[in-house]
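Derivation of every value follows stated rules applied to the coordinates shown; laboratory data play no part. Keep in mind the model is a prediction, meaning the values are calculated, not measured. Glycine also receives a Cβ, built like all others from the backbone with ideal geometry; neighbour counts cover every protein chain displayed.
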Amino acid sequence: MEKIFKALGDRNRIRILKMLEVKPMCVCEITHILGIAQSSVSRHLAILRDAGFINDKKEGLWVNYSLVVGTDDIVATIMTGLRRWENEDHRIVKDREEAYVVSRAEICAVA
């Protein structure tokens with residue numbers, strides 16, 4: 001329970017969960033939208049993963065982060081409530097709009 005509530009105790013982690021409702025995303029896409037350091041985004045993603053909210057999957061050059069489906073009852077109940085919360089916060093509305101159009105090919109450097 002402590003991990004779950006810790007994960008929800010940071011505004012950027014809530015923003016990440018709301019963006020991942022739109023689509024799976026890589027670190028560079030999330031970093032671009034949040035406007036914070038990649039190391040901070042990675043730390044937030046690790047906390048969300050450890051709490052059972054998200055998973056990661058390597059696909060070629062990318063690691064995609066997505067919401068966990070079929071998770072435990074507590075996380076599922078929280079996510080149901082979180083999905084209903086959309087338009088009350090203008091920053092989250094903007095984040096979700098940006099998530100629809102963000103392009104990793106344009107923002108992520110590929111060597």
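Residues checked against (1) touching a Pro at 6+ places or on another chain (Cβ under 9 Å); (2) within 18 Å of M25 (Cα to Cα); (3) exposed (fewer than 13 other Cβ atoms within 10 Å of the Cβ):
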residue	(1), (2), (3)
Y65	yes, yes, no
G70	no, no, yes
M79	no, yes, no
R84	no, no, yes
H90	no, no, yes
E98	no, yes, no
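Restricting the search to segment 8-26, which residues are among the aliphatic types (A, V, I, L, M), within 28 Å of G60 (Cβ to Cβ) and either without any contact (Cβ under 8 Å) to a residue 12 or more places away in the chain or part of a helix (DSSP H, G or I) (or both)?
I16, L17, M19, L20, V22
For the structure I just gave you, tell me whether E29 is more than 19 Å from M79 (Cα to Cα), acidic (D, E) and outside any loop (DSSP other than H, G, I, E, B).
yes
So is I107 among the aliphatic types (A, V, I, L, M) and out of contact with any Cys (no Cβ under 8 Å at 6 or more places or on another chain) or not? Steps first, please.
Working: among the aliphatic types (A, V, I, L, M): yes; out of contact with any Cys (no Cβ under 8 Å at 6 or more places or on another chain): no.
Here the answer is no, as I107 does not meet what is asked.
Exactly one condition in (1) surrounded by 14 or more Cβ atoms within 10 Å (Cβ to Cβ); (2) closer than 24 Å to H32 by Cβ; (3) of a type in the set (A, V, I, L, M, F, W, C) is not met by V75; state its number.
Only one criterion is unmet by V75, namely (2).
Quick check on segment 39-63: of everything there that is within 16 Å of R104 (Cα to Cα) and touching a residue at least 40 places away in the same chain (Cβ under 8 Å), which residue is surrounded by the most Cβ atoms within 10 Å (Cβ to Cβ)?
W62
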